[in-house]
1. Count the net charge of all other residues whose Cβ sits under 10 Å from the Cβ of A179, scoring Lys and Arg as +1 and Asp and Glu as -1.
2. So if a site counts as exposed when it's one of the GluC sites (Glu not before Pro), its DSSP state isn't H, G, I, E or B, and it has at most 16 other Cβ atoms within 10 Å, what's the longest stretch of the chain without one?
3. Suppose we flag trypsin sites (Lys or Arg not before Pro) only when DSSP calls them loop and at most 16 other Cβ atoms lie within 10 Å. Which is the longest uninterrupted stretch of the chain?
4. Tell me the Kirkwood hydrodynamic radius of segment 99-144 in angstroms, computed as one over the mean inverse distance between distinct C-alpha pairs.
5. What relative contact order, as a whole-number percentage, does segment 1-103 give when Cα pairs under 8 Å and 6 or more residues apart are counted?
6. How much net charge surrounds T62 when only the other residues with a Cβ under 14 Å from the Cβ of T62 are counted, with Lys and Arg +1 and Asp and Glu -1?
7. Using alpha-carbon pairs under 8 Å, 6+ residues apart, how would you state the relative contact order of segment 144-201 in percent?
8. Could you grab the relative contact order for the chain? Cα pairs under 8 Å, six or more apart, rounded to a whole percent.
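Coordinate-derived values only; no laboratory data. Being a predicted model, the structure only gives us computed values, none of them experimental. Here the Cβ is made from the backbone with ideal geometry for all residues, glycine too, and neighbour counts use every protein chain on show.
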Amino acid sequence: MSEPVDGLVVGEDGLARPVWASTDPLLRDYYDSEWGMPVRDEQGLFERLSLEAFQSGLSWATILRKRPAFRHAFADFDPDTVAGFGDQDVARLLLDAAIIRNRAKILATIGNAQATLRLRAEGGLTELLWSFQPEQTPEPHTPDEVPSRSAESVAAAKELKSRGFSFVGPTTVFALMEAVGIVDTHLLGSHRRGTSGVWADRSI
């Protein structure tokens with residue numbers, strides 16, 4: 001493995017990855033196979049939205065390690081099921097040491113499921129989130145050039161809040177947009193740059 005150059009590390013496989021995805025096998029696999037790939041189904045987007053909310057204040061590695069437990073606890077993030085969670089479910093979740101036991105985030109996930117169901121009458125969560133895809137995506141050479149929010153994430157956060165969603169600030173929404181391919185913030189030298197099919201490879 002090489003020393004970092006412009007925030008990228010070339011692994012033993014010859015592939016360049018950002019420092020955060022270069023050592024932990026779980027983060028590396030997530031980066032190589034999932035992060036930044038387009039997600040356009042309601043359940044998949046609801047899961048990512050929920051996990052981004054739980055991640056607030058914590059490392060993403062922590063969330064990934066707990067992801068199987070989150071899926072078990074929240075019925076695979078099926079919005080119809082989670083929207084029907086009641087007091088007994090909240091009590092159960094607060095006793096589940098395998099997930100993040102934060103009452104506000106648990107209640108937000110249930111409320112966001114209910115908001116997701118209401119959106120179906122107006123096109124759905126997928127249509128809403130992808131409507132904020134910008135005309136251009138960032139072209140960062142180094143980690144310092146990767147933004148933490150955008151005009152689109154600010155607007156999307158405002159819209160989501162107006163629809164009854166919570167834990168959806170501009171930074172959280174931008175992280176979601178990165179994760180599901182709405183923007184491509186892979187560094188220009190990364191082997192993943194442009195691989196989502198949503199944006200042309202701009203590394204050349």
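1. After counting each charged neighbour, the total is -2.
2. It works out to 35-134.
3. Excluding the exposed sites themselves, the longest stretch runs over 41-100.
4. After inverting the mean inverse Cα-Cα distance, the result is 13.5 Å.
5. Reported as a whole number, the value is 16 percent.
6. +3
7. The value is 26 percent.
8. 26
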